[in-house]
Amino acid sequence: MSDDLWNKCLAVLSAELPAKEYNSWIIKLDSEFSGNSLRLKASNRFVLDWVKRKYLERISELVRDLAEDGFVELELCLLSASDKQSSVKSTQSNKQQRLAQMLSKSGAKVSVQAKAGDSLSAQQSQVDESVQAKTTKLAVSRSKPKAQRDRVKQVDGGVRHESYINPDYTFDNFVPGPSNELAHSAAKQVISNPGTDYNPLYIYGPTGLGKTHLMHAIGNHMLKSNPSANILYVHSERFFQDMLKAIQSKSTNEFKRYYRSVDLLMIDDVQFFGGKKGTMDEFFHTFNALLEGKQQIVLTSDRFAKDIEGLEDRLKSRFNWGLSVCIEPPELELRVAILHKKALLCNIKLDDESALFIAQRIRSNVRELEGALKAVVAKANLKKRNQINVAFVQDALKDMLASHDKQISIDNIQRVVAEYYGLSISDLVSKRRTSNLVKPRHIAMTLAKELTNHSLPEIGRAFGGRDHSTVLHANRKVDDLIRSNREYADSYKHLKRIIGG
Amino acid sequence: MGKITSPPGWQQLPLDIGLAKQPSFDNYIAGRNRLHVLQLQAWCAGTSEPVILLLGSRGEGVSHLLQSCYHVLEQGQQPVVYLSLAHDSLEPEQLVELAVFDYLCLDDLQAVMGDPVWERELFHLFNLVRAQNSRLLLGGKEALADMPLNLPDLKSRLSWGLTLVLQPLSDQQKVSALQTHASERGLELSHDLALYILHRSGRSLGELMVVLDQLDQASMRTKRRLTLSFVRQEMGW
């Protein structure tokens, strides 16, 4: 029975999946049938996770469809230690090798948790036991579907979606300001009257300004006020992949049912639909069905719908049927307010001066602001500080700001030093040795030694074909002057800062 | 570029800084990057920001540190992958498949920036990693400003995580590093001779290690000790 059912599933899967995938993952599973339960066993947690994420949904459908005796419980678990000892021992290394070969074709290093050795240590058993808790169980029946899948739950006969909403993004922690208040108000309006006037709500604007945050906030609010609401958030790429999968597995009807049975559908970054004809066709029909059913749609994009290249005109016009709102980059006050709010959430006391310091330097988007704050928080945690001042922030942001500076070159150093002393670059690298030239030349050589990895002969050559010993001499002179002359030291520090060192 | 400890069948390949030893946090000479090492150790322990962008010039140890993270996690039996986008022949479309790993170390970001397909796939991977609460460590050997990154969505996501930029070692630290590595190879390298090498070779740690490799092999071949005349003759300085 077990062999029959699983073999039938294998036959279908081998036809549906690319040979590489089938041979790498499906054929490797051991099967065992007892009572009315089919147990599939993966050799390690990595395989278990992979199969669970990529194939379990389809396997459960097949088991449900192909089981002749009605209800069959499907279980995906790890091979136990005894399984390994009794039957897998001899094939274990072959299996792992196949797995590694697939991943290593690229040259990658891979650790898949299971050990290669045949002996099963106590430690290995413990790992297996801990992972056993993660075993995935599916109850499947042809007559009465009860599949608990990754993405769909059958509840009371209806389709219940896994929402994929991030609970961290709420209206409470969204900081409104002039640049985003229109989008904020529109989102609030949607939660008051979903599926009516603002349908679809189309939020657009440059990346990293809070479009996704607002989307999740709508979802979280609707879920809070109606926990049984069917809400789905997906990235446009996921929609595309789901559609491909549905076509490959000949389950387009399920795909349609899945996407059309939601109360709220939120799709992020719809600009990626551009040029994908099949996706646009399918989404067009989904869109119409949802609108007819007065189900709410929220879309985001980095640009106005009419400006999306390769997007069909019928979608462009539909995206504008409801309300299109733009989010602009945050102004200084809003950036400061965002930093204060985020710092509070991280239990860090950020004074106004420090917040202003960050906000003045990071202007483009909120993600970058968050990145800057993360750098500060990470350093504060390592240094065990919860009070932050400007000097600390300045130091913590050094890396982030440096990552946006171009790599330092000798040319750049020569240009900056020449400009600073009112010279031309040809003067700086000339053979002349007048004192007004020698001092800047020494500084430029020393900066090149300190801030680049060029060899000393290379630096010497870049300064008019000089020897490496000249660079060392210049370096010694500059070191002496920095120690003895405060003004000179300040100039050197200033130049180093301009260059980005 | 890759190496695998389990199962067999993988070959040991040279690291970008030419170390014969397996890269680890212990044999990384941190210099001014001590806090960065702590951040990366916290990343491995799952206690830091989940996405880290580690940048540094060639030879400053970006690959060394990414591979150190890989080895720590691999020894802890965590599902982890290390991949060089410059050396490993992965198709961009396969990138999103890596999201099944809990820990991803992707090296040589600079090799694929500017390619719209790679940028788009990295962006999708980034979204998946965040959605699945996985941890992503990206390594690059150029400043972000030098990478021809076109996709703004990816750009903003790269700046979302924690950015660490490796600082070069001081000359004194490089001299010590040369001596330490020479000693590990059974070579005696005096302070003055190390300084001599530093003053004539490219001065990144990677370039210095290449010189040391060359001298090591020449020393074995000719059965001579490292002296000034030997180094000058061998390196043509």
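The values are calculated or read from the model by the stated rules, or taken from the named source; none is laboratory data. The model shown is predicted, which means the values in this text are computed figures rather than measured ones. Ideal geometry is used to build each Cβ from the backbone, glycine not excepted, and the neighbour counts take in all protein chains shown. Heavy atoms of the whole protein, side chains included, go into the accessibility calculation; ligands, DNA and RNA do not. Shrake-Rupley method; radii C 1.70, N 1.55, O 1.52, S 1.80 Å.
Here are the numbers for the structure shown:
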quantity: Cα-projected label distance for residue B:188 with residue A:188, points at 7 Å along beta-carbon direction, nm; calculated: 8.0
quantity: Lysine pair number, Cα distance threshold 19 Å (strictly under), segment A:221-379, separation 8 or more or different chains; calculated: 19
quantity: Rounded accessible area of residue A:366 (nearest 10 Å², 1.4 Å probe); calculated: 20
quantity: Partner chain coverage, peptide B:90-98 - average Cβ within 10 angstrom; calculated: 2
quantity: Mean accessible surface per residue for segment A:322-371, computed with a 1.4 Å probe while every protein chain stays in place, in Å²; calculated: 47
quantity: Cα→Cβ-extended label distance, 7 Å offset, between residue A:347 and residue A:317, nm; calculated: 5.7
quantity: Theoretical gain in end-to-end length, residue A:7 to residue A:196 [0.36 nm per residue, Cα-Cα removed]; calculated: 63.0 nm
quantity: With Cα atoms, 0 to 90° folded angle of helix B:205-222 axis to chain B main axis; calculated: 40
quantity: Per-residue mean of C-beta atoms belonging to partner chains within 10 Å, peptide B:163-171; calculated: 4
quantity: Value of relative contact order over segment B:31-165, rounded to a whole percent, pairs C-alpha under 8 Å and six or more apart; calculated: 34
quantity: Total accessible area lost when B and A pair, probe 1.4 Å, Å² to nearest 100; calculated: 5600
quantity: Tail weight of P(r) past 23 Å, computed on alpha-carbon pairs of segment B:31-165, percent; calculated: 24
quantity: Descending semi-axes in Å of segment B:171-235, equivalent ellipsoid built from Cα gyration tensor; calculated: 17, 12, 11
quantity: Stretch gain in nm, segment residue A:426-residue A:303, where the contour uses 0.36 nm per residue and the Cα spacing is subtracted; calculated: 39.5 nm
quantity: Chain lengthening between residue A:493 and residue A:467 when straightened (0.36 nm per residue, less Cα-Cα); calculated: 6.8 nm
quantity: Where segment B:31-165 is the region considered: accessible area per residue in Å², 1.4 Å probe; calculated: 29
quantity: Residue with peak Gaussian network fluctuation, chain B [Cα springs, cutoff 10 Å], from B:149, B:136, B:85; calculated: B:149
quantity: Separation of alpha-carbon centers, segment A:172-197 and segment A:284-353, rounded to whole Å; calculated: 10
quantity: Segment B:49-80-segment B:193-237 distance, computed between alpha-carbon centres (Å); calculated: 29
quantity: Relative contact order (percent, whole number), chain B, Cα cutoff 8 Å, 6+ residue spacing; calculated: 23
quantity: Neighbour count of at most 14 Cβ within 10 Å plus DSSP loop: longest trypsin sites (Lys or Arg not before Pro)-free window in chain B; calculated: B:22-222
